[in-house]
1. Report the Cα-based extents of the stretch 62-116 along its three principal axes, largest first, to the nearest Å.
2. For Ser60, Ser97, Ser77, write out the residues from largest to smallest accessible area, computed with a 1.4 angstrom probe and no ligands counted.
3. Dipole magnitude of the stretch 57-151 about its Cα centre, charges +1 at Lys/Arg Cβ and -1 at Asp/Glu Cβ only, in debye to the nearest 20?
4. State in Å² the accessible area per residue of the stretch 69-126; use a 1.4 Å probe, count heavy atoms of protein chains only, and round to the nearest integer.
5. Keeping the other protein chains in place, figure out the carbon and sulfur percent of the accessible area of the stretch 66-122, with a 1.4 Å probe.
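The values are calculated or read from the model by the stated rules, or taken from the named source; none is laboratory data. The model shown is predicted, which means the values in this text are computed figures rather than measured ones. Virtual Cβ from ideal backbone geometry, glycine too; neighbours counted across all protein chains shown. Each accessible area value is taken on the protein alone, full model and side chains, heavy atoms only, with ligands, DNA and RNA left out. Shrake-Rupley method; radii C 1.70, N 1.55, O 1.52, S 1.80 Å.
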Amino acid sequence: MADSDTPRTPPLLPDAIHHAIKPGTALLRLETTSSREGLLDGAWWPRTRDIETELPALISVLTGHLGAITRVGVDASAWNGLPPRLVIDGQVVHLDSDPVGDDTVLITRGHNDLFALLVVPPDTTADAAREAMARAVRADNTTEAAQLLVATTPDPADAS
């Protein structure tokens, strides 16, 4: 088999990048197919629970890929305060407190085009976050966000 026939695995980001990322920087993975057959369309790993710090970077990045974002649905109990709206890049984005759970954020493009993203908790280890994000963006993913996080979180008993 020639070297050109060998499938190449994309390089992983170095572990240090997960420690160097500052609050307000979007760590995001999106499903790369247009089928949208999986339960989730992507995954987001905010660095804090401050929605006013974290959300602008996410919306800016998503706007570049998806177009104008008009609404964001989050579980208010998972964040330190939830304003009714934010102005991001000159665009008003309405924030809704939806009982979706702190493991999901619902992004609305236009009037009703909805995208569901896994929210990886800020205190998640880099390895568990990478695994959860990779599983979330698989086109064949049928695992709900909460179960996906449980499945990728190491058991504390295994650490000893």
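1. If we take the Cα atoms of the stretch 62-116, the spans are 28, 21, 17 Å.
2. Ser77, Ser97, Ser60
3. Working: 6 positive and 12 negative charges, 59 e Å.
The calculation lands at about 280 debye.
4. On the way: 2790 Å² over 58 residues.
Ligands and nucleic acids excluded, the result is 48 Å² per residue.
5. Values: 1330 of 2650 Å².
Answer for the stretch 66-122: carbon and sulfur cover 50 percent of the accessible area.
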